[in-house]
Amino acid sequence: MRLIRAEYSFDASRATFFFFSETRVDFRELVKDLAHKLKSRIEMRQVGVRDVARMIGGFGPCGRELCCSSFLKTFEPVSIRMAKKQEMVLNPAKISGVCGRLLCCLSYEFEMYDENKKDLAAMREIALKDKRAEEELRIVEARNAEDESRAAEDKRRQEDRKQQDQRREKQREGGQRGGARPEKKKDQQQEKKAQQPKPEQPRERRQPKPEKQQPRPEQPGERQPPKPEKQHPRPEQPIEQQPPQEQAQKSEQPQQDAEAAARKKKRKFWRRKKKGPQQGENKPPQGTA
């Protein structure tokens with residue numbers, strides 16, 4: 001129990017005591033003692049924290065005298081919702097007064113803030129809608145730009161493919177006019193070489209083996225011929241492999257020689273035929289002497 005203030009009536013018939021206590025206090029014995037000593041009517045009043053600050057007085061965090069001790073007559077209820085509505089910092093040291101409760105000045109501008117918030121909410125919704133519309137428009141423009149770039153890239157690729165196809169067609173036409181392609185010429189030459197028959201190499205002529213002659217029976221008076229000397233086989237010389245062109249020329253040479261000999265025989269035959277009747281005319285007929 002903390003005594004705050006005491007008041008006397010003008011005729012001293014009544015004394016009023018103001019005290020503060022957080023709990024309920026039984027002060028009946030105290031009232032009897034005070035009435036016996038002061039010989040007047042005693043009245044005890046318990047007050048709250050805000051009433052204590054109004055009675056004592058002081059200065060608030062704004063630097064001015066406390067509102068409750070200067071001009072406030074009644075205390076209006078103050079809640080934390082008011083501080084939130086006004087977007088104040090929710091720090092107890094900054095939104096609390098000398099009494100330890102929320103500042104009374106929070107209720108002064110709450111109605112104005114509430115009205116403005118409604119208008120601001122509508123304005124905020126409009127601003128949010130505009131912002132969303134701008135974002136959607138920006139996204140649509142970005143998508144359109146991406147689609148255009150993709151379409152341009154696809155078109156460029158198609159043009160490149162067409163140009164490549166035209167070049168290939170021109171190369172094919174040029175190859176058909178001028179013959180096979182230069183790339184395939186080598187392959188064709190190799191195929192021709194593989195198809196050409198290889199010239200047969202002249203085989204070695206094997207000498208026939210001498211047949212064994214059976215010995216004749218010796219006749220009297222006949223001389224026996226001298227026995228043939230044994231001929232030692234000559235070492236076979238290694239056959240020089242000639243290039244295919246020289247071998248082909250050598251294989252064709254005997255044919256050419258045979259054709260030349262046949263021509264010579266024909267010439268001789270015709271020459272003899274021409275000379276025959278002339279020599280017969282000069283000869284005298286047979287049977288005349």
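Read-outs throughout are calculated quantities, based only on the coordinates presented, and are distinct from any laboratory measurement. All values derive from a computational prediction rather than experimental measurement. Cβ atoms come from the backbone with ideal geometry, glycine included; neighbour counts cover every protein chain shown.
For Met1, Met82, what ranking results if the residue with the fewest other Cβ atoms within 10 Å of its Cβ goes first?
Values: Met1 12, Met82 21.
Placing the least packed residue first, the sequence is Met1, Met82.
Simple point charges give the picture: +1 on the Cβ of Lys and Arg, -1 on the Cβ of Asp and Glu, and for region 114-175 a dipole about the Cα centre of about 540 debye. Ranked by the mean number of other Cβ atoms within 10 Å of their residues, highest first, the peptides 269-275, 56-62 come out as 56-62, 269-275. For the peptides 11-22, 145-156, residues were scored by their other Cβ atoms within 10 Å and the scores averaged per peptide; the highest-first order is 11-22, 145-156. Taking every alpha-carbon pair under 8 Å whose residues sit at least 6 apart, region 1-119 reaches a relative contact order of 18 percent.
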